[in-house]
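Asks: First the structure, which I've put down as structure tokens, then a few questions once you've had a look.
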Amino acid sequence: QVQLVESGGGLVQPGGSLRLSCTASGNIARINTMGWYRQAPGKERELVAAISSDHSTNYADSVKGRFTISRDNAKNTVYLQMNSLEPEDTAVYYCNADVQYYLSIYRRQGVYWGQGTQVTVSS
């Protein structure tokens with residue numbers, strides 16, 4: 001049906017930058033909200049940033065001013081530019097999307113997750 005594939009994670013020093021990408025594929029009719037979540041060891045998964053189809057955004061307080069979410073609707077892709085990274089940003093980052101897709105002649109809706117990409121901020 002629908003798959004989300006993430007890329008761009010890795011190891012970076014404090015103060016550094018990374019850019020995450022997530023592309024949705026499948027028999028897609030429309031993608032509503034797309035977002036990034038993260039989960040650190042021993043902690044619950046939390047929302048980092050989200051962007052609607054009209055590009056309205058919201059951010060967790062902990063990343064405001066440092067992270068920027070954007071999307072390219074033509075490519076079914078969402079990005080997360082992460083600047084001024086801190087050790088506390090270390091986590092597995094997951095892409096999330098609310099997708100309308102075609103199943104035969106029908107239009108269905110579902111929420112999908114990527115497989116996760118590790119971001120480690122350490123000196």
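The values are calculated or read from the model by the stated rules, or taken from the named source; none is laboratory data. Just so it is clear, the structure is predicted and the values come from calculations on it, not from any experiment. Virtual Cβ from ideal backbone geometry, glycine too; neighbours counted across all protein chains shown. Please note that ligands, DNA and RNA were not included when accessible areas were found on the heavy atoms of the full protein model with its side chains. Shrake-Rupley method; radii C 1.70, N 1.55, O 1.52, S 1.80 Å.
Asks: Regarding the range 88-95, can at least one residue be identified that is open to solvent by 20 Å² or more (accessible area, probe 1.4 Å), farther than 12 Å from Met34 by Cα and among the acidic types (Asp, Glu)?
Replies: Within the range 88-95, one or more residues are open to solvent by 20 Å² or more (accessible area, probe 1.4 Å), farther than 12 Å from Met34 by Cα and among the acidic types (Asp, Glu).
Asks: Now for a separate question. Checking the condition touching a Gly at 6+ places or on another chain (Cβ under 8 Å) and open to solvent by 60 Å² or more (accessible area, probe 1.4 Å), which residue from Arg45, Arg19, Arg30 passes?
Replies: Sole residue among the options that is touching a Gly at 6+ places or on another chain (Cβ under 8 Å) and open to solvent by 60 Å² or more (accessible area, probe 1.4 Å): Arg19.
Asks: Give me a count of the residues in the range 94-115 that are within 27 Å of Ser17 (Cβ to Cβ) and touching an Asp or Glu at 6+ places or on another chain (Cβ under 7 Å).
Replies: Adding up the residues that qualify gives 3.
Asks: On to the next question. Check Ser56 against each of (1) closer than 18 Å to Arg19 by Cα; (2) free of Cβ contacts under 8 Å to residues at least 40 places away in the same chain and name the one condition it does not meet.
Replies: Answer for Ser56: the failing condition is (1).
Asks: Return the residues of the range 25-51 that are over 22 Å from Gln1 (Cβ atoms), of a type in the set (Gly, Ala, Ser) and more than 11 Å from the chain's Cα centre (by Cα); say none if nothing qualifies.
Replies: Ala40, Gly42
Asks: Assuming Arg108 fulfils every condition listed in (1) outside any loop (DSSP other than H, G, I, E, B); (2) modelled with pLDDT under 95; (3) open to solvent by less than 80 Å² (accessible area, probe 1.4 Å) apart from one, which condition is it?
Replies: Here Arg108 meets the rest and fails (3).
Asks: Output the residues belonging to the range 48-83 that are on the phi > 0 side of the Ramachandran plot and open to solvent by 60 Å² or more (accessible area, probe 1.4 Å).
Replies: Hits for the range 48-83 are His55, Gly65.
Asks: I'm trying to understand the selection: among the residues of the range 72-120, which are over 20 Å from Tyr59 (Cα atoms), among the hydrophobic types (A, V, I, L, M, F, W, C) and in contact (Cβ under 8 Å) with a residue 24 or more places away in the chain?
Replies: Val99, Leu103
Asks: I want to confirm something. Restricting to the range 1-46 and keeping residues that are touching a Leu at 6+ places or on another chain (Cβ under 6 Å) and not in a loop (DSSP other than H, G, I, E, B), which single residue is farthest from Val63 (Cα to Cα)?
Replies: Checking each candidate, the answer is Ala24.
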